[in-house]
1. Which one of the conditions (1) surrounded by fewer than 19 Cβ atoms within 10 Å (Cβ to Cβ); (2) at negative phi; (3) assigned to a loop (DSSP other than H, G, I, E, B) does residue A:213 fail to meet, given that it meets all the rest?
2. Output the residues belonging to the stretch B:213-254 that are of a type outside the set (Lys, Arg), modelled with pLDDT under 95 and assigned to a strand (DSSP E or B).
3. Is it the case that the stretch B:233-255 has a residue that's closer than 30 Å to residue B:181 by Cβ and of a type in the set (Lys, Arg)?
4. Among the residues of the stretch A:142-159, is there at least one that is in contact with a strand residue (DSSP E or B) (Cβ under 7 Å, 6 or more places away or on another chain), within 16 Å of residue A:220 (Cα to Cα) and assigned to a strand (DSSP E or B)?
5. Within the stretch A:6-54, restricting attention to residues that are within 22 Å of residue A:165 (Cα to Cα) and among the β-branched types (Val, Ile, Thr), which residue is farthest from the other protein chains (Cβ to nearest Cβ)?
6. Do we have residue B:312 as within 20 Å of residue B:179 (Cα to Cα) and in contact (Cβ under 8 Å) with a residue 60 or more places away in the chain here?
7. Please determine, by comparing only the residues of the stretch B:67-84 that are buried (at least 19 other Cβ atoms within 10 Å of the Cβ) and aliphatic (A, V, I, L, M), which one is modelled with the highest pLDDT.
8. What strands (runs of 3 or more DSSP E) lie completely within the stretch A:226-326 and have 1 or more residues being in contact (Cβ under 8 Å) with a residue 24 or more places away in the chain and of a type in the set (Ser, Thr, Tyr)?
Amino acid sequence: MNSESRVGRLAGVLVDYSTRVAEGDLVCIDAGPAAAPLVRELWRRVLAAGGHPHLRLDVEGAQELLLREGSDVQLDWVSPLRRSEVERADVRIAIEADVNTRGNTAVHPERQARAERAREPLRRIHFARASAGELRAVVTLYPTAAAAQDADMSLSEYEEFVYRAGLLDREDPVGEWTALGRRFAELAEWLGGRKTIRVVGEGTDLTLGVEGRTWVPCDGRENFPDGEVFTGPVETAVNGTIRFSYPATYAGRRVGGVELEFRGGEVVRAEAEEGGAFLREMLALDDGARRAGEFSFGLNDAVAEFTGHALFDEKIGGTVHLALGASYPESGGRVQSALHWDLVCDLRSGSEVYADGELVYRDGRFIAGPL
Amino acid sequence: MTDGRVERLAGLLTDYSLELREGQVVRIDSLEAGAPLVLELYRAAIRAGAFPYTNVGLSGLSESLLQLGSEEQLRYLSPIQWEEIEQLDALVTIWSETNTRALSRVDPARHAAHIAAQRKLSNRRWERISGGELSWCGTLFPTNAHAQEAEMSLAEYEDFVFTACHVHEDDPASHWSAVSTELQGRAAELGAARELRIVGPETDLRVGVEGRTWLAADGRYNMPDGEVFTSPLETETEGEIRYTFPAVYHSREVEDVRLRFEDGRVVQAEAARGNDYLQSLLDMDAGARILGEVAFGLNYEIDRFTRNILFDEKIGGTMHLALGSGFPQAGGQNTSGLHWDMICDLREEGEVYADGELVWKAGRFLAEPVREVVESGVGEL
């Protein structure tokens with residue numbers, strides 16, 4: 001299979017399955033210039049589906065320039081284009097295609113936090129419209145050398161990894177995702193009646209209250225690739241300690257060896273082997289940034305290895321992840337924050353998960369329930 | 001390594017052309033090949049305290065739309081585009097094609113339908129520009145495609161473009177301020193003339209300009225710039241003209257155009273190549289046979305024809321006389337779907353008389369112009 005046809009398949013799944021573009025839809029495509037081959041394919045497929053494609057292409061270096069040189073009012077400003085897009089789009093396809101994932105390392109974390117806060121109102125509109133069914137939005141990644149570098153892979157190895165993770169090497173990717181979606185839905189329903197989840201592993205013993213919350217199956221409509229079932233924990237009922245196995249990159253900066261202690265739902269202790277200052281700055285971003293807005297099981301067995309990118313790492317079959325910051329309203333979670341930072345914990349060896357005291361998951365696999 | 005000329009061009013555009021101020025919202029339009037200039041403009045705008053954002057297109061997308069789009073898709077204008085245009089204080093357009101002929105084989109009718117729909121938006125934009133609510137400047141970032149049209153290497157073309165913008169030297173803004181003063185003086189001087197007579201090889205044309213306003217194109221709307229122009233009286237063009245450079249309209253060339261005017265209208269037209277196209281454009285509508293513009297090209301850094309009107313119409317020592325729509329701000333009354341700039345090289349043996357007095361010979365004005373700063377513009381700097 002040549003790379004062109006893989007890009008074409010990815011574009012096809014995004015337009016026809018993930019976002020179900022229909023006639024008359026205004027489709028915003030948000031991408032970096034490195035994703036040009038995917039953008040061109042999407043453009044053709046959106047047109048073929050009767051949609052109206054609209055492009056916002058980033059300019060390499062502009063965001064960094066704003067973060068370095070912008071005044072406070074400039075950091076706080078949001079362009080009318082972005083606002084209109086969020087308010088008007090029927091569909092949004094966001095493509096990550098970094099050419100340098102660490103470009104913001106030297107930027108002062110406070111300035112980065114400020115720029116994140118400025119976009120919070122837009123994020124709120126986005127989530128509200130998505131929850132109300134007015135906006136179908138998917139996030140994906142186009143493989144670049146920079147992302148491959150983070151994964152310690154060559155670009156061609158990384159491309160293989162990305163397309164395999166999206167099940168695009170299968171005969172019928174849409175059929176596969178549809179079948180997975182059904183299984184995830186069954187698991188979500190089975191988890192739905194539970195009151196507490198307790199995760200036990202190396203350096204980790206964390207209990208989360210989930211009573212009354214909805215577990216949401218993720219089948220490639222909002223993230224692509226996908227494969228998780230998540231909920232929003234009860235805001236005051238997260239207690240204990242969790243150690244995250246993998247480093248986490250956020251807004252172009254990396255934090256590693258993170259350990260968090262929660263009491264009454266709030267982070268009361270945060271340590272990191274790498275990037276501690278940035279972690280603390282992000283935790284101080286706003287009130288919601290110290291809370292767990294999301295807890296999730298990673299269920300994509302085509303993603304087996306850590307690659308340094310949350311879109312994939314959080315889907316690794318046999319992991320759980322917890323996000324600091326904003327909840328997804330559809331889960332019933334109520335954390336509001338400019339932050340949503342996924343941190344991943346590998347449970348594939350020496351780990352257990354209890355649901356209401358019952359052992360349901362061991363060493364990365366459910367041993368009870370429908371899976 | 002950034003080319004210092006790109007940085008100076010960006011500064012010239014924000015400080016001189018747009019006079020960008022703190023708090024203004026500025027959008028930078030380009031294709032992806034213009035990214036180096038987009039980034040420098042973004043930087044210059046941030047430093048000016050403005051709120052810049054970028055609107056960058058990707059080559060190949062227009063072709064897809066024009067090839068695959070339904071009627072509805074071709075005519076679609078998104079609410080996003082409408083909302084944006086009302087909120088801009090300044091706009092820069094960077095022309096930066098990676099293939100200037102990418103649309104050559106597109107069905108002309110579909111292309112026309114798309115352009116017609118987009119015109120609603122551009123009309124609103126022009127309304128805001130002429131109302132003084134929006135400042136706009138169009139410029140070009142050199143690419144191989146544009147260099148190829150000009151029959152140059154990219155390096156040669158970069159030298160050509162940046163020299164024409166005068167950003168090869170420090171402080172291009174002072175250069176353009178001086179140009180502005182000079183052009184305003186010329187415009188004032190020409191404003192007194194009732195009639196111009198243009199004499200050259202197979203050219204002897206009288207153009208009535210009494211009561212019309214001459215305007216100085218001094219780098220506000222275009223960079224590079226350098227012309228003075230007006231819209232002639234619609235019924236008083238008499239005689240004949242031979243255009244030495246190919247006349248290009250929508251990327252199609254017509255060579256060696258000869259026109260004869262009577263009472264303001266073209267009564268005879270022929271071309272050595274592309275004659276059918278010439279005739280069809282003349283028959284586009286009632287205004288297509290009438291001059292909408294007469295202008296002197298006065299940028300002597302632009303010394304050759306490069307198949308790009310941004311530069312060609314400003315070649316120092318040429319005149320261009322455009323068929324079709326006139327400029328209301330110059331007093332022009334002709335309306336047409338056409339505005340076709342055709343360029344006449346007068347550098348070898350051309351002469352221009354104003355009310356019988358020789359004012360221009362071999363591509364240069366003879367006397368120093370009146371040094372009188374007319375109204376706004378320079379004073380505001």
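The values are calculated or read from the model by the stated rules, or taken from the named source; none is laboratory data. This one's a predicted model, so the numbers in the text were calculated from it and none came from an experiment. Note that we place each Cβ from the backbone using ideal geometry, even for glycine, and neighbour counts take in every protein chain shown.
1. It fails just one condition, (1).
2. Within the stretch B:213-254, B:247, B:248, B:249, B:253, B:254 meet the criteria.
3. no
4. Scanning the stretch A:142-159, I find no residue that is in contact with a strand residue (DSSP E or B) (Cβ under 7 Å, 6 or more places away or on another chain), within 16 Å of residue A:220 (Cα to Cα) and assigned to a strand (DSSP E or B), so the answer is no.
5. A:13
6. Yes, satisfied.
7. B:74
8. Fully inside the stretch A:226-326 and qualifying: A:228-231, A:238-243, A:248-250, A:292-298, A:319-325.
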